[in-house]
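The values are calculated or read from the model by the stated rules, or taken from the named source; none is laboratory data. The structure displayed is predicted, hence computed values, not measured ones. Please note that ligands, DNA and RNA were not included when accessible areas were found on the heavy atoms of the full protein model with its side chains. Shrake-Rupley method; radii C 1.70, N 1.55, O 1.52, S 1.80 Å.
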Amino acid sequence: MVADVLAGTVDTAVVGSVYEDLNSNAIKDNGENGLPGWTVYLDLDNSGTLNTDPVGTLEPSAITNVDGDFVIDHLVPGNYRVAEVVPTGWVPTSPVSKDVIVVQGQNT
């Protein structure tokens, strides 16, 4: 359940950046700017889509800021799959999800 995952502290978070990989090397190089307005979420049910839990609460998510950065905080430590919603017309140059281990009091 989403409520169980978001019962942590503000200093326990997943942070990152979404950027335009102009040379398709899956590395953020100089001149590759962040992408604002992208949705990043914790794929709690490993479905590959942003959806709701059994009580209708949307999986934890964030919208990237003007620099392409995002934060999903107040997490309970544990293993999570971080994923992004790829807008129509875009092609990812690396996997659209990544498994991470969230540790108490740290940004992952």
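Per the 1.4 Å probe, what fraction of the accessible area of the chain, in percent, lies on carbon and sulfur atoms?
C and S fraction of accessible area: 54 percent.
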Worksheet item: Where only protein heavy atoms count, and the probe is 1.4 Å, what is the accessible area per residue for the chain in Å²?
Response: 58
Practice prompt. Would you pull out the residues with amide H under 5 Å of TRP38's amide H, same chain only if 5 or more places away, H placed 1.01 Å from N?
Written response: THR64
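As an exercise, find the ratio Rg/Rh for the chain from alpha-carbon atoms, using the Kirkwood inverse-distance average for Rh.
0.97
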Fill in: GNM top mover of GLU84, GLU20, GLU59 - the chain, alpha-carbon springs below 10 Å
GLU20
Discussion item. On the principal axes of its Cα set, how long, how wide and how thick is the range 1-56? Give whole Å, largest value first.
Written reply: 42, 27, 18
Discussion item. Relative contact order for the range 3-108: what percent, with Cα pairs under 8 Å and sequence separation of 6 or more?
Written reply: 38
